[in-house]
Amino acid sequence: MALSRDEIYKKVQGVLVDALSVDEEEVTPTAVIRDDLGAESIDFLDISFRLEKAFNIKIPSGEMMPENLASDPTLVQNGRLTDAGLTELKKRMPFSDFTEFEKDPEVEKMSKLFTVNMLVNFIESKVNIPA
Amino acid sequence: MNANRIVSVSSFFIGISSFIRGFGFRRLDFPQALRLANPASHRYKRILEDRREEHHNSVKFNLIDHIELLSDQRIVAVKFVSLAEEYLADHFPTFPVLPGVMMLEAITQAAGWLMHHRTGFAKSMAVLKEAKNVKYGQFVAPGNYLKVDVELAKLTETGATFKASGFAGADPALQARVELSYFNLGDKQPELAELDGRLIEHHRMRWTVLNAGRTPSDAVAI
Amino acid sequence: MRWIWIDKFIEFTPRTSATAVKCVTLAEEHLHDLYPAFPIVPHSLIVEGMAQTAGILVGEARQFKEKVILAKIGRATFHRLVRPGDTIVYKAKIDQLADHGASISGVVEIAGDPPNIVAEIELMFSHIDQNISGVKFPEHNFVFTEQFTELLKTYRVSAPVMLSEGGTPPKSKDLAGA
């Protein structure tokens, strides 16, 4: 069942409003889920569950939010991503815009990659699988 | 009453006071002796009242220890966690931490005090009507304290909504949105109206206890 | 005050749903603290009753290997007060179960015919050993103590323990006319 990007956006917006107790107006395409909408770790799990339900899809753990990066010394050193780390992250988060993050790949700034747009892109790829 | 009866009644009481005097009790007059002997005496009444009031001074489900800030829009209150709290033995054995729902209760009680403050104890009941997106980020362990910051968001027909955040010491511990129902029992069921006065009096007394011992320059800077 | 807010399971379908009851009694000390003239069960403790019912359901789903901790109350909406003499019925079901945690939804009722709805509650649990923040917890499972695992064990024993030899328990109407 193909959904337009607009339809996906509306549903994702609804999920974020319900899970995070934010107003619809706060959920803009460039809003950062953690920094701007106040999401915490449990909220990411909540969002994942609600998206699975709303779009009738399965989101295996680690697919939406990459895990175990910081603990790997080849990927992260001194709180920054190594070149290998950056490559790996891009692979795991193909829907994010890395132009800003690339300039200063600090682990603490990773949350900025997680925007509403990224989420919509992610859902689009799972829902509109080309035949 | 005939003379014989008067004599026998009088001698009975003279006998009683001599008896009591004989055992070193202080001298009792007639009305005092009568009061002691009578079960409906004011002293027994006082004991019965004390039993009912006893719980007033042994509040165990009080989740607010200290109020740091109070305005018409906002309350900041603190709950200290001590290993002496009984339920910690079960939550959890070898890993005592304040249960999440007790943090919610602290927010509810703080919001209740804010409503009482705003309205001058207008209503007797301040109960949780709805809690939304209450999320727990950090445990509060014994020796530490939970600070709740509760802000009035909107007044409703039946009470008010609040936005609240909690801190384990200095670290963010929780966020919540709650709606309180603030009402008198008599509003819902007229036959319960007489309880409202007693409940409000109880809240006023608890408020006094909560603020007792505070000096303007409260030394502990939290 | 023991931190146990359910008395017994009356239904338990592994990985799916569970129903537990709690009897409310005037003998509970804390009921007399906030509203002495009109004791009610604090709503936070009703949330805890649901959390314990659902927490055991979620814990059992992974053979109690995970430390299941209440992480989020999505929503808890209350419709009426609960008083001594009421029997609270907690009905919980698992909505989603994953490596990092689970989400459940449930209904709280007062036993009766028809049952009276007290609240609707949605909760999320975290499997804290699987959390990504890197915090380490003691190895042993301090969450699921005997107090809780016993509840499940005794659920499986459904017949009453009789005092007289053989035979079935007397029906209440037999005693009434005596």
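What follows draws every value from the coordinates through simple rules; no lab data is involved. Bear in mind that the values here come from a model prediction, so they are computed numbers and not experimental data. Positions of Cβ are backbone-derived with ideal geometry, glycine not excepted, and every protein chain shown enters the neighbour counts.
Overview of values
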{"read-out": "Order of C:Val108, A:Val120, C:Val68 under a 10 Å beta carbon neighbour criterion, fewest first", "value": "A:Val120, C:Val68, C:Val108"}
{"read-out": "Within a Gaussian network of chain C (alpha carbon springs, distance under 10 Å), most fluctuating of C:Glu165, C:Glu109, C:Glu150", "value": "C:Glu165"}
{"read-out": "Pairwise FRET efficiency - B:Trp207 versus B:Ala153, Cβ, R0 = 30 Å, nearest 0.05", "value": "0.80"}
{"read-out": "Other protein chain Cβ atoms within 10 Å, averaged over every residue that makes up B:90-97", "value": "5"}
{"read-out": "Local electrostatic count at B:Ile64 - Lys and Arg +1, Asp and Glu -1, tallied over other residues with Cβ under 10 Å", "value": "0"}
{"read-out": "Formal net charge of residues neighbouring B:Lys123 (Cβ-Cβ distance under 14 Å; K, R +1; D, E -1)", "value": "+1"}
{"read-out": "Sites C:Lys8 and B:Tyr87, calculated FRET efficiency, Cβ-Cβ separation with R0 25 Å, nearest 0.05", "value": "0.80"}
{"read-out": "Gyration tensor (alpha-carbon) shape descriptor, segment C:92-159, a/c threshold 1.5", "value": "oblate"}
{"read-out": "Distance in nm between pseudo-label sites at C:Arg80 and A:Glu108 (7 Å out along the Cβ direction from Cα)", "value": "5.3 nm"}
{"read-out": "Fluctuation leader among A:Met65, A:Met118, A:Met93 - chain A, Gaussian network, Cα springs under 10 angstrom", "value": "A:Met65"}
{"read-out": "Virtual spin-label span in nm between A:Asp6 and B:Gln73, 7 Å along Cα→Cβ", "value": "3.9 nm"}
{"read-out": "Cα gyration tensor shape for segment B:127-211, rounded if a/c is under 1.5, else prolate or oblate", "value": "oblate"}
{"read-out": "Positive minus negative residues near C:Ile110 (Lys, Arg vs Asp, Glu; Cβ under 15 Å)", "value": "-1"}
{"read-out": "Distance between modelled label sites at A:Asp97 and B:Arg198, nm, 7 Å Cα→Cβ extension", "value": "6.5 nm"}
{"read-out": "Whole-angstrom gap from segment A:17-60 to segment A:92-130, using each part's C-alpha centre", "value": "14 Å"}
{"read-out": "Ranked C:Ser126, A:Ser71, A:Ser61, C:Ser103, criterion: other C-beta atoms within 10 Å, fewest first", "value": "A:Ser71, A:Ser61, C:Ser126, C:Ser103"}
{"read-out": "Amide H within-cut-off set for C:Ala71, under 5 Å, with H built and near neighbours excluded", "value": "C:Met124, C:Phe125, C:Ser126"}
